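The values are calculated or read from the model by the stated rules, or taken from the named source; none is laboratory data. Quick caveat: nothing in here was measured; it's all calculated off a predicted structure. Positions of Cβ are backbone-derived with ideal geometry, glycine not excepted, and every protein chain shown enters the neighbour counts. Just the protein is used for accessible areas: all its heavy atoms, side chains included, with ligands, DNA and RNA removed. Shrake-Rupley method; radii C 1.70, N 1.55, O 1.52, S 1.80 Å.
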Protein chains: 2
Amino acid sequence: MQYPQNLERLFAFLRRLPGVGRRTAERYAFDLLLGWSKQEINGLIASLEALDTISCCQVCGCLKDSKECLFCSSHNRTKEQLCIVASPREVFTIEQTGEFRGVYHVISGLLSPLDGRGREEIGLDKLTARLREGVIREVIVALDSSLEGDTTALFLKEQLAHFAVTVSRLAFGIPVGSALEYVDGGTLARAFSARNTY
Amino acid sequence: MQYPQNLERLFAFLRRLPGVGRRTAERYAFDLLLGWSKQEINGLIASLEALDTISCCQVCGCLKDSKECLFCSSHNRTKEQLCIVASPREVFTIEQTGEFRGVYHVISGLLSPLDGRGREEIGLDKLTARLREGVIREVIVALDSSLEGDTTALFLKEQLAHFAVTVSRLAFGIPVGSALEYVDGGTLARAFSARNTY
């Protein structure tokens, strides 16, 4: 006995979501089928259709749903500080801290020779074009702390050496609120070498 | 800075899925937005729309996507054995074992005084109507091993006492493949009292 074919199709699509396996997909599909009203399903469908209205800003790569990018067009943000991130999602993670009031630049991924993603892939042209305008004074590299993130950060530092900008990277150290006991050796070593007088 | 409004709407819908919180909803939404092709999104939308084509059989309560119920209309299944389950989903779980070749009856949930779900709510009429046809010889109660499941199983046993049918319930005992060390006391006690000679 098989599941109804249309249910199998839904399983297959739900399994494409990150971290969703067969059993979770089944759980979601049965919840949608038995627990959701027709109105809720239509709402979900409408919000999936509305993804079309969201695009990436041609200049900075941030998400926007109206005609102009809220970051690029904002008058409350300093145009002298530029934060480089690897995905439009990370912009929102940084925004939640309220720590940065400059503008962003989303590069199209991290350098990864293993995945065949070289220097051409990360879209350096758009970044250098913005720097050539001469407004930006500081570039903050906010990339993952991973092999790819480190490689890309180093590459960006080299490429931006020709511009009259300060290039900095987010600090490494002990996560706030964590016990030393649970901090890994690599992090602890970085925290030692970057220790501060206080 | 807020997320685009249409993305927020999608978050809200995805959060209604079982076990999905804010962060998982964001993860799914960004995957849909940045990782899925237009074609894949349309496929997901089509499969959500197609949920309409799936309904519950008026007789047994199993899911069906064509006009006739594959369980009720099957000639390969014995109509003398009836398995009672609490949700159409469990039918497929049982089917996967290949252990049962009778027909099913899906009651509309378990008795739960705390949630205000009394004897009227579980739809006993349809079940007794089927039993009155006189074909069914054995009823197998396949309900959860929980307070609600136990209460409902007991209630069903009482209600079916007037019919000339054997009423049985799935066996309790040690899960196959498990170490005694990890089996809880209640299960172990049931396994002792239901011990078999071999």
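Things worth noting here:
- Region B:30-65, residues that are under 17 Å from residue A:42 (Cβ atoms) and either in contact (Cβ under 8 Å) with a residue 24 or more places away in the chain or among the small types (Gly, Ala, Ser) (or both): B:46, B:47, B:50
Table: residues versus (1) modelled with pLDDT of 95 or more; (2) open to solvent by 10 Å² or more (accessible area, probe 1.4 Å); (3) assigned to a loop (DSSP other than H, G, I, E, B); (4) in contact with a helix residue (DSSP H, G or I) (Cβ under 9 Å, 6 or more places away or on another chain).
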| position | (1), (2), (3), (4) |
| --- | --- |
| B:49 | no, yes, no, yes |
| B:59 | no, yes, yes, yes |
| B:70 | no, yes, yes, no |
| B:73 | no, yes, yes, no |
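- Selection count, region B:1-15, where residues are outside any helix (DSSP H, G or I), more than 15 Å from residue A:96 (Cβ to Cβ) and facing another protein chain (nearest Cβ under 7 Å): 1
- Residues of region A:89-106 satisfying the condition of being out of contact with any helix residue (DSSP H, G or I) (no Cβ under 7 Å at 6 or more places or on another chain) and either under 17 Å from residue A:151 (Cα atoms) or in a helix (DSSP H, G or I) (or both): A:90, A:91, A:92, A:93, A:94, A:95, A:96, A:97
- Filtered residue count, region A:41-52, keeping only those that are more than 20 Å from the chain's Cα centre (by Cα) and facing chain B (nearest Cβ under 7 Å): 8
- Residue count for region B:132-159 satisfying the condition of being of a type in the set (A, V, I, L, M), out of contact with any helix residue (DSSP H, G or I) (no Cβ under 7 Å at 6 or more places or on another chain) and within 19 Å of residue B:78 (Cβ to Cβ): 2.
- Count - residues of region A:53-78 that are at the interface with another protein chain (Cβ under 8 Å from one of its Cβ atoms) and over 19 Å from the mean Cα position of the chain (by Cα): 1
- Complete set of residues in region B:120-143 that are over 28 Å from residue B:187 (Cα atoms) and in a loop (DSSP other than H, G, I, E, B): B:120, B:121, B:123, B:133, B:134, B:135, B:136, B:137
- So residue A:32, is it closer than 30 Å to residue A:169 by Cβ and open to solvent by less than 10 Å² (accessible area, probe 1.4 Å): no
- Inter-residue pairs, beta-carbon under 7 Å, first more than 15 Å from residue B:4 (Cα to Cα) and in region A:68-81, second open to solvent by less than 100 Å² (accessible area, probe 1.4 Å) and hydroxyl-bearing (Ser, Thr, Tyr), 6+ apart: none
- Residues in region B:144-184 that are over 26 Å from the mean Cα position of the chain (by Cα) and either under 23 Å from residue B:93 (Cα atoms) or outside any loop (DSSP other than H, G, I, E, B) (or both): 4 in all.
- All of B:135, B:106, B:183, B:167 fail the test of being touching a Ser or Thr at 6+ places or on another chain (Cβ under 9 Å) and open to solvent by less than 90 Å² (accessible area, probe 1.4 Å), apart from B:106.
- Residues that are of a type in the set (A, V, I, L, M), within 14 Å of chain B (Cβ to nearest Cβ) and closer than 22 Å to residue B:26 by Cβ, drawn from region A:79-106: A:85, A:86, A:91, A:94, A:106
- Count - residues of region B:138-154 that are surrounded by fewer than 17 Cβ atoms within 10 Å (Cβ to Cβ) and within 24 Å of residue B:112 (Cβ to Cβ): 7
- Taken together, B:19, B:109 contain a single residue that is small (Gly, Ala, Ser) and either facing another protein chain (nearest Cβ under 10 Å) or in contact with a Phe, Trp or Tyr (Cβ under 6 Å, 6 or more places away or on another chain) (or both), which is B:19.
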